[in-house]
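The values are calculated or read from the model by the stated rules, or taken from the named source; none is laboratory data. Note that the coordinates shown come from a computational prediction; the quantities given were computed from them, not determined experimentally. Because the Cβ atoms are built from the backbone with ideal geometry, glycine has one as well, and the counts that use them run over all protein chains shown.
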Amino acid sequence: MLRKVIVLFSFTLFCILGLSKTDKNLIKIKLKNGETYRVNKLEIYGNAEPDRFWYTDKDGFYVDVSFKDLVEIKNTAKGIYLVKIRTGAEKVKKIENLKFKFNNGKGRDLNVPLSDIEFIKFTTHKCDKICPLGHIFRNTDFIYCPYDGLLLKPLETEKVETIK
């Protein structure tokens, strides 16, 4: 009897927590004038592929990147930085002044140029993540370890060594 109550309680708690995490505002945008927006859809205005753009990296190579590969776009006084899931922060040598299109939450679409944006944070994304205790999750959007509740961090594959 007690076992059934515990199982029912655990299932109910799991359902409540699962439903409470269905926040659709997955992207945080902060403008240089201090305005902050949480949106669920972000596009590059006038682009054939609304979630992809090109830039020149620090080595002078022309690179294609998608929103799903990014954690953050930072526009600082020292330049523009892209924080990628796999490789971390990377300084951009050259990028055109893209316009980002999103809804302000009040029914109005905004087209904001990159020069007016302080940062764009993509709060959820799928990647390989690791728990401080060593649990590894491949291609997941978990934020916390389901085993011990600790905050997961992106797994840096360059530091992983194989034993021969």
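Just checking, which of Asp59, Asp64 is in a strand (DSSP E or B) and loosely packed, with under 13 Cβ neighbours inside 10 Å? Break it down stepwise before answering.
Values: Asp59 fails: in a strand (DSSP E or B).
Checking each option against the conditions leaves just Asp64.
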message = Please count how many residues of the stretch 106-136 are surrounded by 13 or more Cβ atoms within 10 Å (Cβ to Cβ) and at positive phi.
response = 0
request  = State the number of residues belonging to the stretch 67-94 that are surrounded by fewer than 17 Cβ atoms within 10 Å (Cβ to Cβ) and not in a strand (DSSP E or B).
outcome  = 5
ask   = Only one of (1) outside the structural domain of Leu31 (by the TED database); (2) within 19 Å of the chain's Cα centre (by Cα) is not met by Phe122, so which one is it?
value = (1)
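Please verify whether Ser66 is assigned by the TED database to the domain that holds Lys32 and polar (S, T, N, Q), treating the condition exactly as stated.
Values: assigned by the TED database to the domain that holds Lys32: no; polar (S, T, N, Q): yes.
For Ser66, the condition - assigned by the TED database to the domain that holds Lys32 and polar (S, T, N, Q) - is not met.
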